[in-house]
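Student: Before we start, here is the structure in question, set down as structure tokens.
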Amino acid sequence: MDICVIGAGYVGLTSAAVLAELGHRVICVDKDLEKINNLKNGIIPIFEPLLEDLIKKNKTLLTFSHSIEESISKAATLLIAVGTPSNIDGSSDLSFIKSVINEISGHIFSYKTIIIKSTVPPGTNESIYKTILEKGVDPSQFNIVSNPEFLREGSAITDMINADRIVVGLRDGDGYSLSIIKQMYHGLKSPYIITSLTGAEMIKYASNAMLALKISFINELARICDKYLVDIQDVAKGIGADARIGPHFLQAGIGYGGSCFPKDVLSLQFSAKAKNVNTPILEALQEINDTQVNIYIDKLKEMMPDLSHSIITVLGIAFKANTDDTRYSPSVRLMNRLSEIGCEIHAYDPKAVLPMAHNRIIQFNRLEESILDSDCLILATDWEEFLQLDWNDVKSKMKGNILLDARNCLKKNEIEKLGFNYLGIGRP
Ligand code: UDX
């Protein structure tokens, strides 16, 4: 098939690379000319494992363009994967989607299957369909499909190839588009879940809200376990063994970040409020996540009453391991809070770059430099390279001996044997 992917971000580039790998001819379009020129020269704008290799491997099938008009003329299947960031009020900013739909509507001269992969609030696909009709496009010339993604940054390629499910939202009476979707994903073994356009949109939001809820639940439980001197990892194992709960997303720590959970939970809340539905669970899970950083600050203050003027090393800037993405990173929020208290922060991350310039927060290119003479070390992102560190050597380079494990990912007993004062949450 000829497919035009609109949007060259985390989702668009991953989708384009995987679809080319499946044998399709793919044109990936973006309005960012510099990004497109870089991609044409083999420079990938984001760090995502396996992505660069897959793009290079499929360079005869995968091309890049700056022009929607030129690109959609060559493809009967259009996949829209542009961003839908949060507005101040928590609603989704659909301006990028709207501008793409406006541009597409003016260039439909043969049948198009328009697939919305972007995360959009319930009801958006239906309104997109109406908008295209209002722009004068004949209903016989197109159809809309909702096909949300469930990709995790850091494992997006494998998540798409081994998806737990492919969710497809169809318009009433659309007996054609499913065959196009199945042709597009031919070769993937994932089961299909077929629903309405709005059903597919709702599945996406419910999925992210449920995952965020699991994280906030285990973090609230960790706060309780902390007081009862119970190991939260035993509790996570004990409940996770129940098939109805499952072992995933029960890792207590400093909380979730990223470009999805924060914005999608807010957007779902906004959609609910628009229909006068109260969302106490969505409120609560956000409140726990927003205040989780405070728990760690309080723990530090207990150990170091006068935090100001101390040197604190923070390992990890990205919102999670295996990505360079710092959007809504709990580590960044923690560093900002510590700098407000007067600490000097020495930060290091294998891939991510500090998203802000700050006179008290210095990013080091080498981990060894970031730990020199520090009073306390915080592990804020669970990069594998941190888990494999020679902690004896780390301690010899520090001035103090406090290690705050904000991802509960180190072995407490081993760390304490080296002379560290280990702090976690629910880690007695
Ligand atoms: C998420 C969803 O997993 C994915 O399906 C959706 O398409 C996009 O949003 P992503 O945000 O990329 O993916 O990463 P994810 O692995 O879900 O982690 C999100 C955040 O939760 C990270 O900050 C991570 O550190 C945190 N997390 C995750 C926990 O704190 N505990 C856990 O047990 C798991």
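Student: Quick one: in region 30-79, what % of C-alpha pairs are over 11 Å apart?
Tutor: Working: 880 of 1225 pairs.
So the pairs more than 11 Å apart make up 72 percent of the total in region 30-79.
Student: Here's something else I'd like to know. Students often check this: by mean Cβ neighbours within 10 Å, which of 57-65, 202-210, 3-11 ranks highest, and how do the rest follow?
Tutor: Details: 57-65: 17.6, 202-210: 19.1, 3-11: 25.9.
Sorting 57-65, 202-210, 3-11 by mean packing, highest first, produces 3-11, 202-210, 57-65.
Student: What net charge do the residues around Leu285 carry, taking every other residue with its C-beta under 15 Å from that of Leu285, with Lys and Arg at +1 and Asp and Glu at -1?
Tutor: My count for the surroundings of Leu285 gives -2.
Student: If you don't mind, another one. Would you kindly give the portion of the calculated P(r) for region 89-152 that falls above 17 Å, as a percent of all Cα pairs? Don't skip to the end; give the middle numbers.
Tutor: Working: 800 of 2016 pairs.
The calculated P(r) of region 89-152 puts 40 percent of pairs beyond 17 Å.
Student: Another question about this same structure. In region 186-255, how does Rg compare with the Kirkwood Rh, expressed as the Rg/Rh ratio over alpha carbon atoms?
Tutor: Details: Rg = 16.1 Å, Rh = 14.2 Å.
So for region 186-255, dividing Rg by the Kirkwood Rh gives 1.14.
Student: Something else now. Over the Cα atoms, compute the radius of gyration (one decimal) and Dmax (the largest Cα-Cα distance, rounded to a whole number) for region 120-275, in Å.
Tutor: Every Cα atom of region 120-275 included, Rg and Dmax give 19.3, 66 Å.
Student: What trypsin sites (Lys or Arg not before Pro) does region 373-408 have in DSSP loop regions with at most 15 other beta carbons within 10 Å? Before the final figure, lay out each step's value.
Tutor: On the way: sites: Lys395, Lys397, Lys399, Arg407; in loops: Lys399, Arg407.
For trypsin sites (Lys or Arg not before Pro) across region 373-408 that sit outside H, G, I, E and B with at most 15 neighbouring Cβ atoms in 10 Å, the list reads Lys399.
Student: I'd like to compare 296-302, 343-349: which one has the highest average count of other Cβ atoms within 10 Å, and what's the full order after that?
Tutor: Ranking the peptides 296-302, 343-349 by packing returns 343-349, 296-302.
Student: Cα atoms only, region 234-311: Rg and Dmax in Å?
Tutor: For region 234-311, the Cα-based Rg and Dmax read 17.1, 50 Å.
Student: Also, quick follow-up: What translational diffusion coefficient, to the nearest whole µm²/s, does the chain have by Stokes-Einstein, given a Kirkwood radius computed over alpha-carbon pairs, a temperature of 4 °C and 1.567 mPa s viscosity?
Tutor: For the chosen part, D equals 56 µm²/s.
Student: How would you classify region 372-425 from its alpha-carbon gyration tensor, with a ≥ b ≥ c the square roots of the eigenvalues: rounded for a/c under 1.5, else prolate if a/b is greater than b/c, otherwise oblate? List each step's numbers first, then the result.
Tutor: Details: a/c = 1.38, a/b = 1.30, b/c = 1.06.
Rounded is the answer for region 372-425, as its axis ratio a/c remains below 1.5.
Student: Could I ask something else about it? By DSSP, what percent of the beta bridges with both residues in the chain are antiparallel, rounded to the nearest 5?
Tutor: Given both bridge residues lie in the chain, the antiparallel proportion sits at roughly 10 percent.
Student: Considering every Cα-Cα pair within region 117-194, what fraction, in whole percent, is farther apart than 16 Å?
Tutor: 57 percent
Student: OK, next. Once the mean 1/r over all distinct Cα pairs of region 32-185 is inverted, what Kirkwood radius in angstroms do you read off?
Tutor: In region 32-185 this quantity evaluates to 17.1 Å.
Student: Which of rounded, prolate, oblate describes region 1-117, given a ≥ b ≥ c as roots of the alpha-carbon gyration tensor eigenvalues and a/c under 1.5 marking rounded, otherwise prolate only if a/b is larger than b/c?
Tutor: In terms of gyration-tensor shape, oblate.
Student: Just going by the charge dipole of the chain, with Lys and Arg at +1 and Asp and Glu at -1 on Cβ, which of Leu178, Val5, Leu250 is farthest out on the positive end?
Tutor: Of Leu178, Val5, Leu250, it is Leu178.
Student: Additional query: Please give me the summed charge of the neighbours of Ser196: other residues whose Cβ is under 14 Å from its Cβ, Lys and Arg +1, Asp and Glu -1.
Tutor: Charge balance in the 14 Å sphere: -2.
Student: Which ordering of Trp391, Trp383 is given by a fewest-first count of other beta-carbon atoms within 10 Å?
Tutor: Starting with the residue having the fewest Cβ neighbours, the order is Trp391, Trp383.
Student: Using only alpha carbons, build the gyration tensor for region 1-70 and give me the equivalent ellipsoid semi-axes, biggest first, whole Å.
Tutor: Equivalent ellipsoid of region 1-70: 15, 15, 10 Å, largest first.
Student: Let me ask something additional. For a quick check of your reading of the filter: which chymotrypsin sites (Phe, Trp or Tyr not before Pro) in region 126-180 sit in a DSSP loop and have no more than 13 other Cβ atoms within 10 Å?
Tutor: When the chymotrypsin sites (Phe, Trp or Tyr not before Pro) of region 126-180 are filtered for loop state and at most 13 Cβ neighbours within 10 Å, Tyr176 remain.
Student: If eta is 1.306 mPa s and T is 10 °C, what Stokes-Einstein diffusion coefficient results for region 315-425, Kirkwood Rh from Cα pairs, in µm²/s? Before the final figure, lay out each step's value.
Tutor: Numbers: Rh = 14.0 Å.
The diffusion coefficient I find is 114 µm²/s.
Student: Still on this structure, I have one more. If you build the convex hull over the alpha carbons only and average its shadow over all orientations, what do you get for region 46-102? Give it in nm² to one decimal.
Tutor: Mean projected area for region 46-102: 5.8 nm², to one decimal.
Student: Starting from the Cα gyration tensor of region 270-327, take the square roots of the eigenvalues, sort them a ≥ b ≥ c, and report rounded, prolate or oblate (rounded when a/c is under 1.5, otherwise prolate if a/b is larger than b/c, else oblate).
Tutor: Cα axes put region 270-327 in the oblate bin.
Student: Considering all projection directions equally, how large on average is the shadow of the alpha-carbon convex hull of region 265-373, in square nanometres?
Tutor: Over every viewing direction, the Cα hull of region 265-373 projects on average to 8.4 nm².
Student: Rg(Cα) of region 236-278 divided by 2.2 N^0.38 Å?
Tutor: 1.60
Every read-out reported here was derived from the displayed coordinates using simple, explicitly stated rules and does not represent laboratory data. This one's a predicted model, so the numbers in the text were calculated from it and none came from an experiment. Neighbour counts are summed over all protein chains in view; Cβ atoms, including those assigned to glycine, are modelled from backbone coordinates with ideal geometry.
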